[in-house]
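Shown next, in structure tokens, is the structure this report addresses.
The values are calculated or read from the model by the stated rules, or taken from the named source; none is laboratory data. All figures in this text were calculated on a predicted structure; none of them were measured in a lab. So basically every Cβ, Gly included, is an ideal-geometry build from the backbone, and we count neighbours across all protein chains shown. Protein only, heavy atoms only, side chains kept; ligands, DNA and RNA dropped before computing areas. Shrake-Rupley method; radii C 1.70, N 1.55, O 1.52, S 1.80 Å.
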Amino acid sequence: MSKSVSPRMAYLKLRGRAYYLNYPIPGELRHHYPTKSGKHQTHVVEALGTGDPEAAYRAKLPRITRIEAEFRALRRKATGPAEDETMERARMWRDSRRTAAEADDYHSMEAIDLQVSDEAELLAAKGGAAEQLAQSFVRITGGAETIKEACEDWLGRDILPARTQAKYRTAVTEFVTFMGEVPLLADMTRDNAVRYADWLNKEGRSQRTSKLVPLSPNSKRDRLMALSAFWTKWLYPRRKTTERLNPWSRLEVTQVPTASDIPWDDLGNTGRPKRREYFDEAELLAIMDAPGPDPRKAKYGKALIIEVLTLGLLTGCRPDEVCSLRLKHVRPIEGGYTLAFDDPKNDESVRTIPVLHPIAVDLLKRRIGDRKAPAEQLFPELRPKKGNDNLYELVGRAISRHLQRATGLAEGKVPYCTRHTFLTEVGNHEGINDHALKRYVGHKPPGMTDAHYRAVPMHALRTIAGKAKYPPKVEQAMAAQLGVVLPESTAEAA
């Protein structure tokens, strides 16, 4: 591959007037890519169909992602049985051996050890990554515990809020993936922690955008703090680690990627606008009038999408907070309801806010209906993505696609803009208590006095809720979409 002046042109080759992707194949995988003459290819070469360097750059990124996934699949295939299947058998032999040991059944223990030895030898004979997998197989059958197992034991006790569990699980899973193979608790050392922190600073990527975006400093700190909590709250107290000092303490986090050869799309660490703007009146009308998804293909229809957006606009709640509501969180009060959030972003105690707008009140009333089970979801049709408990992730994508179908929206408008719209509309009213507004939306006030001693009475929060109003045409459009009959004064103004 010829050298390029710009790192954005890495793996691109100009042939005539068109660019081609020229991506290197690792030496151990080249035999999977034979040429017609029987030799092994050294590069994956694909036409990008453009002579424009910027278009070629954008076209290469998804292809590189696909090729790397193909490489990983070939490496997994080379190890023989699937890694999960191999580790499942290791755990089975470990449990059987423990049972035999408790019963002093030495004949069974000997038979199990022989079987484990035979399986490990067959696995190691494949060479390469299979040798390390075989070593992990033997260590687990002998009683060693994997990092993922220990993490699930910890988080499975339901001692932490769901959002915190998800954050910790993400950090542990990423560290396990970084380590490769099947890392055990003995692998959680200071050396590996330093290596992982270095990787975060150079190559850690955001999963919230299709662009190649480096992790923000706060995201990197969250990863390291989660792993530190795993060590201090679970591993060390139970003497599951031989490390005497927390391996995750005092690790450096950089503001921008350091010495990385990855051609990042965005060095601003965001992948989105620097400031999320609010929806103006024309945009809100466009959102309400936008066509819904194809009902034959879509998991979530327009009615649900508008409900989630409307609750966000009328309460200022984060979209994921709206989706996570259960019946136990919604309580009737005079003129409306209260919503309680027991897992706020700032790790404070339960935040309870009143909801008084007639559209939101009618929406909540219809959603609750005759149901009484406290644990039932307010939106029972929401389902999390396989492997986690985040009810917002999938419907959030549907809402983003709905915003893309709305005409006239400025670039970068996302579902979270409902929160900014609420803060803009309510915050601009005269006589608004800024401290009460922060408490209403769940922002942690600065300073010791406001954060710990200055409470906000319910009547102040009701004042905030009463200011949640939009232009009459917007409210009329909301009501029409949700089938709500507005008071005559609002309808006449529209």
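In nm, what is the difference between 0.36 nm times the number of residues separating residue 239 and residue 281 and their Cα-Cα distance? Going from the current span to full extension adds 9.2 nm. Each Cα pair under 8 Å and six or more residues apart adds its sequence gap; the mean of these over the residue count of the chain is a relative contact order of 11 percent.
Here the sum of -39500 (n - 2.57) over DSSP H runs of 4 or more residues, divided by the residues of the chain, equals -15000 deg cm²/dmol at 222 nm, to the nearest 500. Placing a pseudo-label 7 Å from each Cα along the Cα-to-Cβ vector at residue 144 and residue 14 gives an inter-label distance of 5.2 nm. Among 141, 459, 482, whose Cα projects farthest towards the positive end of the dipole of the chain, with charges put on the beta-carbon of Lys, Arg (+1) and Asp, Glu (-1)? After comparing all options, I get 482.
Would you work out the relative contact order for the stretch 383-439, in percent, from Cα pairs under 8 angstrom that are 6 or more residues apart?
17 percent
With every protein chain in place and a 1.4 angstrom probe, the accessible-area ranking of 146, 173, largest first, reads 173, 146. Taking 14 Å as the straight-line reach from the Cα of residue 328, the aspartates and glutamates in range (excluding those fewer than 8 positions away in the same chain) are 342, 343, 370, 376.
Kindly provide the Kirkwood hydrodynamic radius of the chain in Å, to one decimal, from all pairs of distinct alpha carbon atoms.
26.9 Å
For the pairs 167/473; 365/438; 233/444; 302/444; 299/444; 299/467, note any where the Cα-Cα span goes beyond 30 Å. In this structure, 167/473; 302/444; 299/444; 299/467 exceed 30 Å between Cα atoms.
Relative to the globular-protein estimate of 2.2 N^0.38 Å, the Cα radius of gyration of the stretch 139-198 stands at 1.18.
Take residue 31: with every protein chain present and a 1.4 Å probe, its accessible area is about 100 Å².
With 0.36 nm allotted per residue and the present C-alpha distance subtracted, the residue 454-residue 370 stretch has 26.4 nm of extension available.
Taking label positions 7 Å along the Cα-Cβ direction at both residue 328 and residue 249, the computed distance is 3.6 nm, reported to one decimal. Is the C-alpha gyration tensor of the stretch 307-404 telling us rounded, prolate or oblate? Criteria: a/c under 1.5 is rounded; beyond that, a/b larger than b/c is prolate, otherwise oblate. The shape class here is rounded.
Among 41-50, 95-104, what's the highest-first ranking by average C-beta atoms within 10 angstrom per residue?
Descending packing order for the listed peptides: 41-50, 95-104.
The simple spin-label model puts a point 7 Å past each Cα toward its Cβ; for residue 294 and residue 189 those points are separated by 5.4 nm.
Remark: accessible surface ordering of 92, 288, 179 (largest first) is 92, 179, 288, probe radius 1.4 Å.
What the Cβ-Cβ distance of residue 429 and residue 29 gives, at R0 = 56 Å and to the nearest 0.05, is a FRET efficiency of 0.35. Of the DSSP H helices in the chain, those with a Cα length along their own long axis of 18 Å or more and a mean Kyte-Doolittle hydropathy reaching 1.6 comprise 302-315. Summing Lys and Arg as +1 and Asp and Glu as -1 over all other residues whose Cβ lies under 15 Å from the Cβ of residue 46 gives a net charge of +4. Probe radius 1.4 Å, ligands and nucleic acids ignored: give me the carbon and sulfur share of the accessible area of the chain as a rounded percent. The C+S portion of the solvent-accessible surface of the chain is 51 percent. The residue 381 and residue 102 beta-carbon pair, evaluated with R₀ = 30 Å, returns a calculated FRET efficiency of approximately 0.05. Per-residue SASA remark: residue 439, around 50 Å² accessible (1.4 Å probe; ligands, DNA and RNA not included).
Annotation: extensible slack from residue 340 through residue 58 equals 97.1 nm (criterion: 0.36 nm per residue apart, minus Cα-Cα distance).
Only protein heavy atoms count here; on that basis, with a 1.4 Å probe, residue 20 has an accessible area of about 70 Å².
Per residue, how many Å² of accessible area does the chain show with a 1.4 Å probe?
Counting only protein heavy atoms, the per-residue value for the chain is 55 Å².
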